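The values are calculated or read from the model by the stated rules, or taken from the named source; none is laboratory data. Since the model is a prediction, treat every value here as computed from it, not as a measurement. Cβ coordinates were reconstructed from backbone atoms using ideal geometry, including for glycine residues, and neighbour counts include every protein chain displayed. With ligands, DNA and RNA removed, areas are computed over all heavy atoms of the protein, side chains included. Shrake-Rupley method; radii C 1.70, N 1.55, O 1.52, S 1.80 Å.
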Amino acid sequence: MRESIERIAGDSEGAFYEFPLFRFAGSDKAAPSAYLQAALHAGELPGVVAIDALMPMLTKAEAEDRVKGDITIVPWANPIGRAQYHFGEHQGRFHLGSRANFNRGFPLLASPDPALLPNATLGGADQRLKTRLLQLSLGHDIVLDLHCDDEGLAYLYVHTSLWPAMTDCAAALGVGAVVLWSEDTDGTFEGASIMPYQNAPADVAKLDRRVVTTVEYRGMLDVDATLARADADGLYRLLVARGTVVDPDLPGPGPFTGVVAPLENIDMMPAPRAGAVLYNVKPGDRVARGDRLATIVHAPGEAEGHIEVFAPQDGIILTRRSRRIIRAGEDLLKLVGESKSADSRSGTLED
Ligand SMILES: [Zn+2]
């Protein structure tokens with residue numbers, strides 16, 4: 001394993017950011033290569049600690065000559081967001097200098113040709129970081145972007161062109177749900193990693209062996225040694241299932257038993273009033289149309305001071321907010337329904 005340091009110049013003289021990069025050289029050039037990054041939203045740490053738990057497993061595999069495909073790992077992909085504190089609170093989702101979401105605005109290339117990448121020395125520091133991350137990941141057969149939600153089940157976003165071929169990956173990672181999407185107008189890292197292959201010839205696209213996904217490792221507070229070890233086991237199972245790492249003792253991933261639904265089936269449930277949220281459901285709960293999801297206390301102490309929110313259709317609760325204060329119009333939760341949501345949204349679900 002080789003460690004190197006990436007350096008991104010800041011937006012002013014004397015400021016710069018660094019992040020480490022680990023590379024395992026595979027012994028078989030025909031084996032699928034893999035790129036893993038975590039904490040693009042810099043405060044989302046379940047993936048960071050999962051990678052920390054995965055590294056000794058890969059180091060052992062390397063020592064035993066079982067790493068077949070090249071593996072590139074960026075355990076903490078966003079040093080800019082990592083350093084952002086605003087009035088004492090960490091802010092790792094948006095770049096404070098530009099208000100841009102760190103997982104939007106990646107260059108959407110017409111084909112997987114590195115020559116099409118923007119000049120990595122141009123633009124603001126956050127844009128140059130995005131260009132560099134895409135440059136580092138481009139060309140890998142497996143690209144995993146490890147995030148987490150607010151409070152939630154473990155779930156994946158997967159482009160429709162990779163499903164059901166990625167069923168084994170969902171099973172290997174042990175996630176509870178897979179959300180399928182088909183368009184990206186905002187330039188997420190995942191979108192920038194799969195859209196260039198959509199018009200590529202089949203022998204370049206190789207969609208049957210390609211893996212691109214945003215892994216949502218539950219919630220912000222699910223940073224825990226036991227979960228990290230389980231998630232590292234899942235990542236390792238995926239790498240073995242796809243032949244990047246060889247481990248004859250490891251059983252295959254088995255069938256995927258979680259929920260699979262298109263993005264349009266998700267109800268986000270915008271809050272009708274501002275106030276304090278009392279949830280009646282938690283991630284993983286099954287609900288029927290008409291079940292109460294939450295009560296918003298908008299005028300505490302007044303007889304008419306509560307408003308209830310009900311499930312518009314049958315489904316499963318995928319996520320909910322971690323904070324209980326809410327403004328009118330903000331989303332209460334993600335309900336994965338059996339059919340298309342009346343509030344279905346195209347592109348990304350959130351800012
Ligand atoms: Zn995220």
Review point. Given the structure, is residue 150 more than 13 Å from residue 102 (Cα to Cα) and open to solvent by 40 Å² or more (accessible area, probe 1.4 Å)?
Key: yes
Practice item. Could you check the stretch 136-239 for helices (runs of 4 or more DSSP H) lying wholly inside it with 1 or more residues that are within 15 Å of the ligand (Cβ to nearest atom)? Key: 189-194
**Study point:** Enumeration of residues in the stretch 284-300 that are surrounded by 16 or more Cβ atoms within 10 Å (Cβ to Cβ) and basic (Lys, Arg)
**Key:** none
Check your understanding: Out of all the residues in the stretch 35-57, which are open to solvent by less than 10 Å² (accessible area, probe 1.4 Å) and away from the ligand (no atom under 16 Å from the Cβ)?
Key -> 35, 54
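When you check residue 60 against the structure, is it out of contact with any helix residue (DSSP H, G or I) (no Cβ under 8 Å at 6 or more places or on another chain) and either within 16 Å of the ligand (Cβ to nearest atom) or over 30 Å from residue 155 (Cβ atoms) (or both), yes or no?
Considered against the rule, which asks whether it is out of contact with any helix residue (DSSP H, G or I) (no Cβ under 8 Å at 6 or more places or on another chain) and either within 16 Å of the ligand (Cβ to nearest atom) or over 30 Å from residue 155 (Cβ atoms) (or both), residue 60 comes out as no.
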Study note, to complete from the structure: Counted residues in the stretch 310-332 being within 14 Å of residue 272 (Cα to Cα), in a strand (DSSP E or B) and open to solvent by 10 Å² or more (accessible area, probe 1.4 Å) come to 3
Review point. Being under 24 Å from residue 179 (Cβ atoms) and in contact with a helix residue (DSSP H, G or I) (Cβ under 7 Å, 6 or more places away or on another chain), is that true of even one residue in the stretch 258-277?
Key: yes
Point to revise | Boolean, residue 348 is in contact (Cβ under 8 Å) with a residue 60 or more places away in the chain, surrounded by 14 or more Cβ atoms within 10 Å (Cβ to Cβ) and either assigned to a helix (DSSP H, G or I) or not acidic (Asp, Glu) (or both) | key: yes
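Listed here are the residues, each with its yes/no results for (1) in contact with a helix residue (DSSP H, G or I) (Cβ under 7 Å, 6 or more places away or on another chain); (2) of a type in the set (Asp, Glu).
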position	(1), (2)
118	yes, no
135	yes, no
149	no, yes
155	no, no
158	no, no
166	no, no
174	yes, no
